[in-house]
Structure formats: C-alpha cells, structure tokens
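Derivation of every value follows stated rules applied to the coordinates shown; laboratory data play no part. Owing to the predicted nature of the structure, the values given are computational and were not obtained by experimental measurement. In this analysis, Cβ positions are derived from the backbone assuming ideal geometry, glycine residues included, and neighbour counts consider all displayed protein chains.
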Amino acid sequence: MNEKAMVSDALVGVNGELKMFGEIIPQTENKELKQCLKQIRNECEMSQEKLYHIAREKSYYVPASKASQQEVQHVKNILTQPAMK
C-alpha cells in the first residue's frame with residue numbers, strides 16, 4: 001500500500017469517527033461521559049486536521065474551488081428562509 005492510499009484511508013477512518021461522535025454525543029445523558037466523548041472528538045478533529053494538511057502538502061488531496069460570493073449568498077438565503085408549512 002502506498003503512502004497516498006494510507007493517508008486517504010486514515011482520513012476516511014477519522015471522518016467516520018467524527019460522524020459517529022456527532023451522532024452519539026447529543027444522545028448521551030451522563031455529563032461525565034458526554035465531556036469525555038467531546039474531549040476524544042476534539043482530539044480526533046486535531047488528527048483529522050493534521051492528516052488533511054499532510055494530504056494537501058503532498059497533493060494527495062486537492063479541495064474544490066472556493067464558492068463565489070453569489071453562491072455563498074444563495075446558500076445563506078436558502079438557509080435563512082422561513083420553513084414553509
């Protein structure tokens with residue numbers, strides 16, 4: 001397995017863990033457990049960021065082009081419209 005594949009696999013794994021934390025933390029009633037999960041999630045986010053920077057530096061990952069101001073405004077308009085019933 002080459003380095004690019006390993007970095008990619010690691011990113012996929014970390015992203016999956018972050019998704020899992022996003023689902024279980026709000027459902028946790030025990031405050032101590034919730035705090036512990038948040039701390040682990042934060043560490044996971046830091047790992048994800050490090051892997052992302054490695055992938056960017058080595059051109060393993062090239063992000064999509066930035067959205068135009070018009071596209072940003074369009075999304076903001078959609079998200080701030082009152083819900084229709």
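Considering only Asn15, Asn30, Asn42, the mean-square fluctuation computed in a Gaussian network model of the chain, springs between alpha carbons under 10 angstrom, is largest for Asn30. Using a 10 angstrom cutoff on alpha carbons, build the Gaussian network for the chain and name the most mobile of Val62, Val12, Val75. Its mean-square fluctuation being the largest, the pick is Val75.
Ranked by how many other Cβ atoms sit within 10 Å of their own Cβ, fewest first, the residues Arg41, Arg56 fall in the order Arg56, Arg41. Computed over the stretch 1-75, the P(r) curve from all C-alpha pair distances, binned at 10 Å from the origin, holds 17, 33, 28, 20, 2 percent per bin.
Between Lys66, Lys50, Lys34, the Gaussian network model of the chain with springs among Cα atoms under 10 angstrom shows the greatest mean-square fluctuation at Lys66.
Indicate the helices, whole DSSP H runs only, in the chain that combine a mean Kyte-Doolittle hydropathy of -1.0 or more with a Cα extent along their long axis of 24 angstrom or more. Counting only whole DSSP H runs, the qualifying helices are 3-24. In percent, rounded to a whole number, the relative contact order of the stretch 3-80 is 37, using alpha-carbon pairs under 8 Å and six or more apart. Remark: the Leu37-Glu49 segment gains 2.5 nm on full extension, using 0.36 nm per residue and subtracting the alpha carbon distance.
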